[in-house]
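Please read the structure below before turning to the comments.
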Amino acid sequence: MSLRISVIGTGYLGTAVAVGLAELGHRVVGVDVDPDKIAALTQGRVPFYEPHLEPLLRTHVESGRLTFSSEIADAAAADVHFLCVGTPQRLDGLAADMADVDAALDALAPRLARPTLVVGRSTVPVGTAERLADRLAALAPAGVEAELAWNPEFTREGFAVEDVLRPDRLVFGVRSERAEQTLREVYAATIADGTPVIVTDFPTAELVKVSANAFLATKISFINAIAEICEVVGADVTKVAEAIGYDARIGRQFLNAGAGFGGGCLPKDIRAFMARAGEIGAGHALTFLAEVDAINLRRRERVAEIARELVGGSIAGRRVAVLGAAFKPDSDDVRDSPALTVSGQLHLQGAEVTVYDPKARETARLMFPTLTYADSALEACRDADVVLHLTEWSEFRELDPEVVGKVVANRNVVDGRNCLDADAWRAAGWTYRGLGRP
Ligand code: UGA
């Protein structure tokens, strides 16, 4: 059955959710306070880089099934509302900034005119759904049946379409049979494809999300801690990961040691989780996440340290080429990007830093306008004393070390993602340094 759905917040997550729900057969309106974003989406243009999203957006905009608006009033007629606004780290501490979530609910609730389910998808501190349910009840017009549900998202940037249409699981945090049934209608096609559904209460649904991200962050920092040990004893962390990854209880995914995790999710989510644990009197349970965070940040410093070593101790006045600006490949998102943190740090230490990224140049320039940006990997590498590979775009893996070797001043490379062919680079006369590898 086709439902009328509003998606409030059309950032990286909300846009993918809106397009995905249209693809599942619903009539969807995406609402955002940013008129530029809405203008682009209305014309069938995704205002950021996400593989496979734009063709699907265009199909559903052209068919009329998917519309966009900057007026929250245009969401009011929907049967189901998805809250997809961001929850970044607060400026004054580790906790999540809930201002946009609260503002979205406050704007929507008084305009509701018919029985509705409001579904939270943003990553939030445990306890938020209960608070928002009370707020919804207080702000909805008298006589309008409005209920809240929590349905956390597990979408990865770069795989958003895949993750929205074919998620590993669906989690429904609900307080009534009716709310569960509505969510089952929304996801009828996904459920028919065999996606498991976990029906639970509000706090459990909220915790599933933050626990998943905390676990992923911990897994990456675990292997990066082993990388630190490998560096001392001359062992190879990529072999350790390969070997322990064959144990099905451990698994090979998220064991890539390197410059560490960044982005708009893992770093701020572990901090917000620690902050929330402290607020509810259980801070001791998550103190290890402070270590996860510290290990992660140390890896960025380590990349800079290796770069300095390779050029003889001081980076001042040296030319550094940085391959990658996005926090991961197949994204133009530079939020908390290890590549840019390292670039910024070396720039402050007096290096002349030139960055190239296939998709993230403009987003990077907005955040770090003082760095130099090149149009290609070779242009970035021209006359470089050291090349830093910090985002594993496939185009960097395919670089020919002979060709790159011809344009640099000195053949020094730091492979901050441990995925270049070390033997090939060494054979071409490069001093190759990975992280946690001899
Ligand atoms: C993450 C989660 O993976 C999603 O499941 C979740 O839905 C999303 O956050 C969210 O909360 O919205 P994402 O931020 O897109 O997704 O990125 P990841 O694929 O998790 O990568 C995060 C960072 O870890 C990247 O900087 C990546 O380069 C790094 N990473 C990943 C490693 O350093 N090593 C690895 O082995 C894997």
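The values are calculated or read from the model by the stated rules, or taken from the named source; none is laboratory data. Remember, it's a predicted structure, so these values are computed and weren't measured experimentally. Neighbour counts run over all protein chains shown; Cβ positions are idealised from the backbone, glycine included. Note: accessible area is taken over every heavy atom of the protein model, side chains too, but ligands, DNA and RNA are not part of it. Shrake-Rupley method; radii C 1.70, N 1.55, O 1.52, S 1.80 Å.
Scanning region 283-302 for residues that are of a type in the set (D, E, K, R) and open to solvent by 50 Å² or more (accessible area, probe 1.4 Å) yields a total of 3. Residues of region 184-211 that are within 16 Å of the ligand (Cβ to nearest atom), open to solvent by 40 Å² or more (accessible area, probe 1.4 Å) and β-branched (Val, Ile, Thr): Ile198, Val208. Residues in region 239-263 that are within 11 Å of the ligand (Cβ to nearest atom) and in a helix (DSSP H, G or I): Ala241, Gly245. Checking each residue in region 105-145 for being over 26 Å from the mean Cα position of the chain (by Cα) and within 22 Å of Thr10 (Cβ to Cβ) picks out Asp106, Ala107, Leu108, Ala109, Pro110, Arg111, Leu112, Thr116, Leu117, Leu136. (1) open to solvent by 20 Å² or more (accessible area, probe 1.4 Å); (2) modelled with pLDDT under 95: which one isn't true of Gly127, the others all being true? Unmet for Gly127, out of (1) open to solvent by 20 Å² or more (accessible area, probe 1.4 Å); (2) modelled with pLDDT under 95: (2).
If you go through region 161-210 and pick out every residue that is farther than 27 Å from Ala272 by Cα, among the small types (Gly, Ala, Ser) and in contact (Cβ under 8 Å) with a residue 24 or more places away in the chain, you end up with 4.
The lone criterion from (1) farther than 16 Å from Ala290 by Cα; (2) in contact with a helix residue (DSSP H, G or I) (Cβ under 8 Å, 6 or more places away or on another chain) left unmet by Ala192 is number (2). Residues in region 389-413 that are touching a Leu at 6+ places or on another chain (Cβ under 6 Å) and in a helix (DSSP H, G or I): Phe396, Val407. In the set (1) within 15 Å of the chain's Cα centre (by Cα); (2) touching a residue at least 60 places away in the same chain (Cβ under 8 Å), Ile306 fails one condition alone, (1). Across region 226-266, the qualifying residues are those that are among the hydrophobic types (A, V, I, L, M, F, W, C) and within 22 Å of the chain's Cα centre (by Cα), and the one among them that is nearest to Glu305 (Cα to Cα) is Ala259. The set of residues from region 311-337 being polar (S, T, N, Q) and under 30 Å from the mean Cα position of the chain (by Cα) comprises Ser331, Ser337. Taking each residue of region 120-132 that is on the phi > 0 side of the Ramachandran plot and looking for partners that are open to solvent by 20 Å² or more (accessible area, probe 1.4 Å) with beta-carbon atoms closer than 7 Å, six or more apart or interchain, yields Gly127/Pro203. Scanning region 216-238 for residues that are of a type outside the set (S, T, N, Q), under 17 Å from Arg433 (Cα atoms), open to solvent by less than 70 Å² (accessible area, probe 1.4 Å) and assigned to a helix (DSSP H, G or I) yields a total of 6. Screening Lys406 with (1) surrounded by fewer than 16 Cβ atoms within 10 Å (Cβ to Cβ); (2) under 19 Å from Glu309 (Cβ atoms); (3) basic (Lys, Arg) gives one miss only, at (2). For region 182-199, the condition of being under 17 Å from Leu83 (Cα atoms), β-branched (Val, Ile, Thr) and modelled with pLDDT of 95 or more holds for at least one residue. Can we say Lys268 is touching a residue at least 60 places away in the same chain (Cβ under 8 Å), crowded, with 17+ Cβ neighbours inside 10 Å, within 11 Å of the ligand (Cβ to nearest atom) and assigned to a helix (DSSP H, G or I)? Answer is yes for this residue. Taking region 154-183 as the range and being within 16 Å of the ligand (Cβ to nearest atom), surrounded by fewer than 20 Cβ atoms within 10 Å (Cβ to Cβ) and assigned to a loop (DSSP other than H, G, I, E, B) as the test, the residues that pass are Phe154, Arg156, Gly158, Phe159, Arg166, Pro167, Asp168, Arg169. For region 308-354, a residue qualifies if it is acidic (Asp, Glu) and under 16 Å from Asn296 (Cα atoms), and exactly one does: Asp336.
Every condition in (1) farther than 22 Å from Asp34 by Cβ; (2) of a type outside the set (Lys, Arg); (3) in a strand (DSSP E or B) is met by Gly143 except one, and the failing one is (3).
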